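Reviewing the structure listed below.
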Amino acid sequence: MGIYEIRFTKEAVKDIQKLTPRLKSKLKQIIKNVIVSDPYSAKKLVGDLRGFYSLRLSYQNRIVYSIDETNRIIYIHKAKTHYAGINRN
(Lines give C-alpha, C1' and ligand atoms only; values in the text may rest on other atoms or scores of the structure.)
Protein backbone atom coordinates (compact mmCIF):
# COMPACT_ATOMS: atom_id res chain seq x y z
CA MET A 1 0.00 0.00 0.00
CA GLY A 2 1.63 3.28 1.09
CA ILE A 3 0.91 6.73 2.36
CA TYR A 4 -2.24 8.56 1.34
CA GLU A 5 -2.95 12.27 1.62
CA ILE A 6 -6.29 13.10 3.28
CA ARG A 7 -8.44 15.90 1.90
CA PHE A 8 -11.83 17.09 3.15
CA THR A 9 -14.62 18.45 0.97
CA LYS A 10 -16.37 21.66 2.05
CA GLU A 11 -19.36 19.54 3.03
CA ALA A 12 -17.21 17.29 5.22
CA VAL A 13 -15.69 20.32 6.96
CA LYS A 14 -19.20 21.59 7.76
CA ASP A 15 -20.14 18.14 9.09
CA ILE A 16 -17.05 17.97 11.30
CA GLN A 17 -17.77 21.40 12.79
CA LYS A 18 -21.16 20.06 13.96
CA LEU A 19 -19.73 16.94 15.65
CA THR A 20 -19.27 16.70 19.41
CA PRO A 21 -15.68 16.81 20.71
CA ARG A 22 -15.87 13.07 21.42
CA LEU A 23 -16.92 12.27 17.83
CA LYS A 24 -14.26 14.61 16.42
CA SER A 25 -11.67 12.68 18.39
CA LYS A 26 -13.08 9.35 17.20
CA LEU A 27 -13.08 10.60 13.60
CA LYS A 28 -9.41 11.55 13.89
CA GLN A 29 -8.54 8.10 15.25
CA ILE A 30 -10.50 6.29 12.52
CA ILE A 31 -8.80 8.33 9.80
CA LYS A 32 -5.36 7.78 11.32
CA ASN A 33 -5.69 4.11 12.29
CA VAL A 34 -8.08 2.66 9.71
CA ILE A 35 -8.59 4.77 6.60
CA VAL A 36 -4.96 5.74 5.99
CA SER A 37 -3.56 2.30 6.79
CA ASP A 38 -6.12 0.26 4.80
CA PRO A 39 -8.63 2.44 2.92
CA TYR A 40 -10.21 -0.53 1.13
CA SER A 41 -11.26 -2.22 4.39
CA ALA A 42 -14.44 -0.15 4.68
CA LYS A 43 -17.87 -1.00 3.26
CA LYS A 44 -17.87 -0.48 -0.50
CA LEU A 45 -21.02 1.41 -1.48
CA VAL A 46 -23.14 0.49 -4.49
CA GLY A 47 -25.65 2.08 -6.84
CA ASP A 48 -25.53 5.86 -7.01
CA LEU A 49 -22.71 5.81 -4.45
CA ARG A 50 -20.50 3.36 -6.33
CA GLY A 51 -16.85 4.34 -5.86
CA PHE A 52 -17.42 5.53 -2.29
CA TYR A 53 -16.56 3.75 0.95
CA SER A 54 -18.25 4.02 4.33
CA LEU A 55 -17.20 3.51 7.95
CA ARG A 56 -19.37 3.90 11.04
CA LEU A 57 -18.54 6.92 13.19
CA SER A 58 -21.50 6.47 15.54
CA TYR A 59 -24.91 4.80 15.49
CA GLN A 60 -26.30 7.43 13.12
CA ASN A 61 -23.17 8.95 11.56
CA ARG A 62 -20.97 7.56 8.80
CA ILE A 63 -17.67 8.64 7.32
CA VAL A 64 -18.04 8.52 3.54
CA TYR A 65 -14.93 8.79 1.41
CA SER A 66 -13.48 8.07 -2.00
CA ILE A 67 -10.00 7.03 -3.04
CA ASP A 68 -7.90 8.53 -5.82
CA GLU A 69 -5.36 5.74 -6.17
CA THR A 70 -3.42 7.45 -8.97
CA ASN A 71 -2.63 10.51 -6.85
CA ARG A 72 -2.71 8.65 -3.49
CA ILE A 73 -5.46 10.93 -2.10
CA ILE A 74 -8.41 10.00 0.09
CA TYR A 75 -11.30 12.45 -0.09
CA ILE A 76 -13.56 12.61 2.97
CA HIS A 77 -17.01 13.61 1.66
CA LYS A 78 -19.24 13.22 4.72
CA ALA A 79 -18.79 12.77 8.45
CA LYS A 80 -22.34 13.20 9.69
CA THR A 81 -25.71 11.58 9.03
CA HIS A 82 -26.16 8.62 6.78
CA TYR A 83 -25.67 8.63 2.99
CA ALA A 84 -28.03 11.45 2.02
CA GLY A 85 -26.76 14.38 0.01
CA ILE A 86 -23.39 13.09 -1.17
CA ASN A 87 -22.07 15.13 -4.05
CA ARG A 88 -19.92 13.31 -6.61
CA ASN A 89 -17.93 16.45 -7.52
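The values are calculated or read from the model by the stated rules, or taken from the named source; none is laboratory data. All of these numbers come straight from a predicted model, not from anything done at the bench. Cβ sites come from the backbone with ideal geometry, for glycine too, and all protein chains shown count toward neighbours. For the accessible areas, the whole protein counts, side chains as well, though only heavy atoms, and no ligand, DNA or RNA atoms are used. Shrake-Rupley method; radii C 1.70, N 1.55, O 1.52, S 1.80 Å.
Under the rule of -39500 (n - 2.57) per DSSP H run of 4 or more residues, summed and divided by the residues of the chain, what mean residue ellipticity at 222 nm is obtained, to the nearest 500 deg cm²/dmol?
Only helices count here, giving -6000 deg cm²/dmol.
Which of the three applies to region 27-79, rounded, prolate or oblate, going by the alpha-carbon gyration tensor with a ≥ b ≥ c and a/c under 1.5 meaning rounded?
Taking the square roots of the gyration eigenvalues as a ≥ b ≥ c, region 27-79 is oblate.
Scan the chain and report its longest stretch carrying no trypsin sites (Lys or Arg not before Pro) that are both in a DSSP loop and have at most 15 other Cβ atoms within 10 Å.
With a cap of 15 other Cβ atoms within 10 Å, the longest stretch comes to 1-49.
If each residue of separation counts as 0.36 nm, what is the full-extension length gain between Tyr75 and Arg56 once their alpha-carbon separation is subtracted?
5.2 nm
Per residue, how much accessible area does the chain show when a 1.4 Å probe rolls over the protein heavy atoms, in square angstrom? Before the final figure, lay out the partial values.
On the way: 5650 Å² over 89 residues.
Averaged over the residues of the chain, the accessible area is 64 Å².
Where nothing but the Cβ of Lys and Arg (+1) and of Asp and Glu (-1) is charged, how large is the charge dipole of the chain around its Cα centre, in debye to the nearest 20?
Charge dipole of the chain: 420 debye, to the nearest 20.
Round to a whole number: what % of the accessible area of the chain belongs to carbon and sulfur, probe 1.4 Å? Before the final figure, lay out the partial values.
Values: 3040 of 5650 Å².
Roughly 54 percent of what the probe reaches on the chain is carbon or sulfur.
Could you give the size of the charge dipole of region 21-69 about its Cα centre, using +1 on the Cβ of each K and R and -1 on the Cβ of each D and E, expressed in debye and rounded to the nearest 20?
Values: 10 positive and 4 negative charges, 79 e Å.
About 380 debye.
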